[in-house]
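The values are calculated or read from the model by the stated rules, or taken from the named source; none is laboratory data. What you are looking at is a predicted structure, and each value in this text was computed from that prediction instead of being measured. Glycine also receives a Cβ, built like all others from the backbone with ideal geometry; neighbour counts cover every protein chain displayed. To get the accessible areas, we keep the full protein, side chains included, count just its heavy atoms, and leave off ligands, DNA and RNA. Shrake-Rupley method; radii C 1.70, N 1.55, O 1.52, S 1.80 Å.
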Amino acid sequence: MFRTRFAVAFVAVALAGSARGADPAAATILTPDAKGFLHIRVADVWATDVAKQLRAFTAQAGAGLLADFDGQFYPAPSEIESFTVVLFDPRFRDVIPMGSPTDVTPVWVVTSKKPLQKAELLKTMAKTGRAKKHGGKDYYFDENNWSGILLLDEHSYAYASEDSITKLIDRMAKAGEVKSSLAEVFARAADKYPVSLGVNVTALATPDLVKGAPPEFGPLLKAKTLLAAIDLKPKTTLSVALDFGTADEAKDGLKGAQAAVQLARAQIGQALTYTEQKAKRDPAKGRAGIQDFPEAVGFVLAAAGLKQLDTLLGTMPVAVKGTTVSASLELDNVLPGGSTALSIAAVAAAISVSVNDAMRHDRNYLQPGNYDWTERERQLATVVRAIERYHKDKGHYPPSAVLDKDGKPVLSWRVAILPYMDGAFINSPWDPTNPNAKRINSPKELYDMFKLDEPWDGPNNKKLLDKFPSPYRAPWSVLPYHMTNAGKTTTLAFVGKGAIFDPAKKVTEGDVRDGLKQTLMVFQHEEAGHAVYWTKPADLALTADGKLPADGPNFARRFAAAYGDASAHTFVDGLDLKTLLGVVTREGNEKVDEKVIRPEPIRPKGGGKFDPDVFPPPPPPLAK
């Protein structure tokens, strides 16, 4: 929802008008423990000379295309008044939600010029969004990105990872009417500056940070808040203000600021000397080839940037007045090209971010490819054998979902069979924040960590999503191993009336009158869009009249499936729906072609056999 959109939405604000003023909703979430904020009044920035080049560049797309683009989103980019990014935990990994169930992100506050229509906003979450409640507050959860939306008022909403949203609700309830120093900074800056950055120095200056900081910086860390702002009219002006508790602390802070500037310029000088040396041609060497051109250009640009930064620091006057240390500088008088330089940089940044973000997240370029068919079939056979052991122990096959005390589905059958799964290991990603975390050695050990009366996405169970049993792992060519696919599987069951996974009854082997050898139990498809979280009670549900859903995986394409006797097969060219339904039902007595429902194994290109040491065959069917 908030990925490539952010890179291009700013560009599309060509239709934007004037803003309403400061965003009161953003101020309400700046609780005392907020570490900082970045506030951008989008419409005001767009109307300035800084964005002149960007406006001209965007206009080349044409009014019709821009209008169509604008209408694709809600709220429309032209209706966005401001973005505010609030930081609570400096240890965040991603700026926006990327699909990790336990991720912590900054909180984005999006403010619209027009009142928000809740129904339209929730439609942007597609099929994976639903309402949830925390601390007496309603919020909206999107399991695809593992994100949350919290409506703040009729014009604004907060967007972040789900954990960040629930923690925000707790923070706001705890803060109540307590005044926040950062909220005061926001109120002072939001109306005055189109771009402002606030920092809660008191909250960031932990004892460890103070102890490890250079002595020259010590007085600066006694500041309460920092405000850095950019004014774009009539000239581009950068201003910085540090607020202290007393005038004496501010005087010490002035000395600290001056010393910090000198220290920074000294470091820049060292870096510039090195950069210039690398950029110059070594007379002892011949002329370089084209292969060395990118590096040489990089050093030249780095030298230019370092010199401009040194000029900025050298010309910025720093002064103290009362309890505030401040500095202000007109960038148009210092930077070659002034606002034009900034606008060109903005164009380049917008293009760079758009292309990079699209390549990272557009799954169209990830096409399912060939991979080891024997491994896929081994996985399915392992799953069916676990189901068979469950049946032997319980006297019936597992239900399609684990139910809580109120009869509500909370966990998948994939969780229920864990104690019966042999020959599987648990994929558990290394956690840099907890390097000594205990390794999970078996599916049974993982099963014991679940709370069986808690939903799959509840506080405890969602932490287990990335503890992934190997038989459920889809190949990289189908689900690349990045955050948006974390904890997802393409191993599903056929669920519905007449199937082995029948929600209406506890099915036993005696109920499978077509025979286990001719009744499919589970399958693995190759469509990333139909992957589900492995602990979620979600599978391929048959319609009320026993048909396959129209919006499900395409069985005319390659897929693999396993029968009730644990024999697994790959259907390279898919299977026609009539035959497929015939082997999904357990007692339809359908006539099926044995050669069709049990295709020959895939052979290596050019004939021959797979090396059994490299590609071991799947285990044989269950003996009866």
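Brief remarks follow.
- Among the conditions (1) crowded, with 20+ Cβ neighbours inside 10 Å; (2) of a type outside the set (D, E, K, R); (3) at pLDDT 85 or above; (4) assigned to a loop (DSSP other than H, G, I, E, B), V110 misses just one, which is (4).
- Only one of the numbered conditions (1) modelled with pLDDT under 80; (2) farther than 18 Å from K233 by Cα; (3) open to solvent by 40 Å² or more (accessible area, probe 1.4 Å) is violated by T340, and that is (2).
Here is a yes/no grid of residues against (1) closer than 21 Å to S328 by Cβ; (2) in a helix (DSSP H, G or I); (3) of a type in the set (V, I, T); (4) more than 41 Å from the chain's Cα centre (by Cα):
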position	(1), (2), (3), (4)
A259	yes, yes, no, no
E276	no, yes, no, no
D282	no, no, no, yes
G286	no, no, no, yes
F299	no, yes, no, no
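- Residue that is nearest to the chain's Cα centre (by Cα), among those in the stretch 520-561 that are among the polar types (S, T, N, Q) and buried (at least 19 other Cβ atoms within 10 Å of the Cβ): T535
- Test: residue in the stretch 404-413 that is farther than 22 Å from L520 by Cα, at pLDDT 95 or above and of a type in the set (V, I, T): yes
- For K451, the criteria (1) at pLDDT below 95; (2) surrounded by fewer than 18 Cβ atoms within 10 Å (Cβ to Cβ) hold in every case but one, which is (1).
- Test: residue in the stretch 470-492 that is small (G, A, S), open to solvent by less than 20 Å² (accessible area, probe 1.4 Å), over 22 Å from the mean Cα position of the chain (by Cα) and modelled with pLDDT of 95 or more: no
- Restricting K224, K235 to residues that are closer than 26 Å to R188 by Cα, open to solvent by 50 Å² or more (accessible area, probe 1.4 Å), under 36 Å from the mean Cα position of the chain (by Cα) and touching a residue at least 40 places away in the same chain (Cβ under 8 Å) narrows the list to K224.
- All positions within the stretch 76-91 that are assigned to a strand (DSSP E or B), of a type outside the set (S, T, Y) and in contact with a Leu (Cβ under 9 Å, 6 or more places away or on another chain): F83, V85, V86, L87
Conditions (1) assigned to a helix (DSSP H, G or I); (2) more than 23 Å from A474 (Cα to Cα); (3) not hydroxyl-bearing (S, T, Y), marked per residue:
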{"site": "R378", "(1), (2), (3)": "yes, no, yes"}
{"site": "R385", "(1), (2), (3)": "yes, no, yes"}
{"site": "R389", "(1), (2), (3)": "yes, yes, yes"}
{"site": "P398", "(1), (2), (3)": "no, no, yes"}
{"site": "D406", "(1), (2), (3)": "no, yes, yes"}
{"site": "P419", "(1), (2), (3)": "yes, no, yes"}
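- All of A43, A51, A67, A26 fail the test of being outside any loop (DSSP other than H, G, I, E, B), among the small types (G, A, S) and under 17 Å from D153 (Cα atoms), apart from A26.
- Some residue of the stretch 195-206 being under 30 Å from Q308 (Cα atoms), of a type in the set (S, T, Y) and touching a residue at least 12 places away in the same chain (Cβ under 8 Å): yes
- Considering the stretch 122-165, the qualifying strands (runs of 3 or more DSSP E), each wholly inside and each with 3 or more residues that are touching a residue at least 40 places away in the same chain (Cβ under 8 Å) and touching a strand residue (DSSP E or B) at 6+ places or on another chain (Cβ under 9 Å), run over 156-161.
- G510 vs. criteria farther than 25 Å from I440 by Cα and open to solvent by 10 Å² or more (accessible area, probe 1.4 Å): yes
- On inspection, T237 passes the criterion of being modelled with pLDDT under 90, at negative phi and hydroxyl-bearing (S, T, Y).
- Whichever residue in the stretch 467-496 is touching an Asp or Glu at 6+ places or on another chain (Cβ under 9 Å) and in a loop (DSSP other than H, G, I, E, B) and, among such residues, is nearest to P97 (Cα to Cα): A486
- Look at the stretch 532-545: where a residue is within 19 Å of L452 (Cα to Cα) and a partner is open to solvent by 40 Å² or more (accessible area, probe 1.4 Å), sitting 6+ places away or on another chain with Cβ atoms under 6 Å, you get P537/P409.
- Here S567 passes the criteria (1) open to solvent by less than 60 Å² (accessible area, probe 1.4 Å); (2) in contact with a Ser or Thr (Cβ under 9 Å, 6 or more places away or on another chain) except the one numbered (2).
- Residue within the stretch 193-206 that is part of a helix (DSSP H, G or I), more than 30 Å from R41 (Cα to Cα) and either modelled with pLDDT of 85 or more or among the basic types (K, R) (or both) present: no
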